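Take a look at the structure set out below.
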Amino acid sequence: MPIDYRKRAMSASLLIAGLMLIGKVFAAYLTGSVAILSDALESIIHIGATSVAAFSLWYSRLPADRDHPYGHGKIAYFSAGLEGAFILVASLSIFTSSIRAWIFGQELGNLSTGLTIIVILALVNLLLGLYLIRIGRRENSLVLLANGQHAISDMITSSGVVLGIFLVWATGLTWLDPLVGILIGINVLVMAWSLMRRAYDGLMERADPQQTERIRDILRKAVKDNVLVDWHQLRHRIVDTDLWIEVHLLMASDQTLRAAHHAVTKLEDEIRVLFPGRTVRITTHLEPADHELDHPPGHPDHRQEDEIF
């Protein structure tokens, strides 16, 4: 039975997120540091986001059915967007706690112990984030990539906390702790925007220019090699790990259907090779080169190099 690396990675993420929260709450209790407390608040958000990501990972792998002919992979973008929203809430909580501590002041203690705990947790989060991103890229899983970026964001937050505690420890200036908290909030806010923007692009089916150009290169080569006369109406979309491609191909008017089908099948195989790790589903509509004679005025029968269609 093949190993489900995505499920294994998500299970590890959930387990470590829980341990992170326990460790950070304990460190915040020991030190009274608002920066550590802010970091712990972000970990609470991380657990919620990881739980949603785990559900999305399971749901996205359900097979296509009558009501969802393209499968259920779009939920990955909802998951990434929701994770971005969770991170946004965490950044606002960090800002609030840091500003309050700056205005009213705070008492800090046991800084060496708190510093040690946070350093260990930051290293664990770094390893987790790199692991999730590696598996996410290999498996073409946006859910794992988003969760990995969240873990890296958490690591950066913890690194900022370490810096803040060290500065307070070295200088005795307690206002440096909430200042670091504010800087952490800014970093987390940027991460939230990045994830939400990526989710928006996916839901709106924004075409990847690099993918478009790679497909065009194969089609141009096919025209040059006289495999086909031309093409138009090129469109593609990504649904989780699946890449769906549609294109109209103009074939020589005197070519038999069998010969055209054989040539196009080889062309489709060449396109699939361009996207390892993805299930590439191609729909081609074959037309004779003089097809415009059979279509009414206004039919999009001319390909523009600077357009997708």
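The condition (being without any contact (Cβ under 8 Å) to a residue 12 or more places away in the chain, assigned to a helix (DSSP H, G or I), out of contact with any strand residue (DSSP E or B) (no Cβ under 6 Å at 6 or more places or on another chain) and closer than 20 Å to residue 45 by Cα) is satisfied by just one residue among 180, 190: 190.
Restricting to the range 69-78, what's the tally of residues that are under 17 Å from residue 279 (Cα atoms) and surrounded by 13 or more Cβ atoms within 10 Å (Cβ to Cβ)?
6
Would the range 53-66 turn up any residue that is more than 24 Å from the chain's Cα centre (by Cα) and surrounded by fewer than 16 Cβ atoms within 10 Å (Cβ to Cβ)? Looking through the range 53-66, at least one residue is more than 24 Å from the chain's Cα centre (by Cα) and surrounded by fewer than 16 Cβ atoms within 10 Å (Cβ to Cβ). The condition of being assigned by TED's automatic domain parsing to the domain that holds residue 170 and in contact with a strand residue (DSSP E or B) (Cβ under 9 Å, 6 or more places away or on another chain) holds for only one of 140, 110, 125, that being 140. Please specify each residue of the range 177-208 satisfying the condition of being modelled with pLDDT of 80 or more, more than 17 Å from the chain's Cα centre (by Cα) and either of a type in the set (Asp, Glu) or farther than 21 Å from residue 84 by Cβ (or both). Of everything in the range 177-208, just one residue is modelled with pLDDT of 80 or more, more than 17 Å from the chain's Cα centre (by Cα) and either of a type in the set (Asp, Glu) or farther than 21 Å from residue 84 by Cβ (or both), namely 179. When the range 103-115 is examined, which residues are found to be crowded, with 18+ Cβ neighbours inside 10 Å and modelled with pLDDT of 75 or more? If the condition is that a residue be crowded, with 18+ Cβ neighbours inside 10 Å and modelled with pLDDT of 75 or more, then 114, 115 are the ones that fit.
So, residue 172, is that one in the same structural domain as residue 84 (by TED's automatic domain parsing) and at positive phi or not?
For residue 172, the condition - in the same structural domain as residue 84 (by TED's automatic domain parsing) and at positive phi - is met.
Every residue in the range 129-170 that is of a type in the set (Phe, Trp, Tyr) and under 24 Å from residue 36 (Cβ atoms), please. 166, 169, listed by residue number. In the range 144-156, the count of residues that are modelled with pLDDT of 85 or more and in contact with a Phe, Trp or Tyr (Cβ under 7 Å, 6 or more places away or on another chain) is zero.
When the range 149-173 is filtered for residues that are crowded, with 24+ Cβ neighbours inside 10 Å and under 19 Å from residue 12 (Cβ atoms), the ones remaining, listed by number, are 150, 151, 153, 154, 158.
So that you can scan it fast, the table gives a plain yes or no per residue for (1) more than 27 Å from residue 201 (Cβ to Cβ); (2) in a helix (DSSP H, G or I):
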| site | (1), (2) |
| --- | --- |
| 49 | no, yes |
| 70 | no, no |
| 79 | no, yes |
| 124 | yes, yes |
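Filtered by the rule that a residue be part of a loop (DSSP other than H, G, I, E, B) and either more than 30 Å from residue 61 (Cβ to Cβ) or in the same structural domain as residue 83 (by TED's automatic domain parsing) (or both), the range 209-241 gives 225, 226, 227, 228, 229.
Assess whether residue 199 counts as being of a type in the set (A, V, I, L, M), under 24 Å from residue 70 (Cα atoms) and not assigned by TED's automatic domain parsing to the domain that holds residue 273. Steps first, please.
On the way: of a type in the set (A, V, I, L, M): yes; under 24 Å from residue 70 (Cα atoms): yes; not assigned by TED's automatic domain parsing to the domain that holds residue 273: yes.
Yes.
If you go through the range 126-147 and keep only what is buried (at least 24 other Cβ atoms within 10 Å of the Cβ) and either part of a loop (DSSP other than H, G, I, E, B) or among the small types (Gly, Ala, Ser) (or both), you end up with 141, 146.
The values are calculated or read from the model by the stated rules, or taken from the named source; none is laboratory data. All values reported here derive from a predicted model rather than from experimental measurement. Cβ sites come from the backbone with ideal geometry, for glycine too, and all protein chains shown count toward neighbours.
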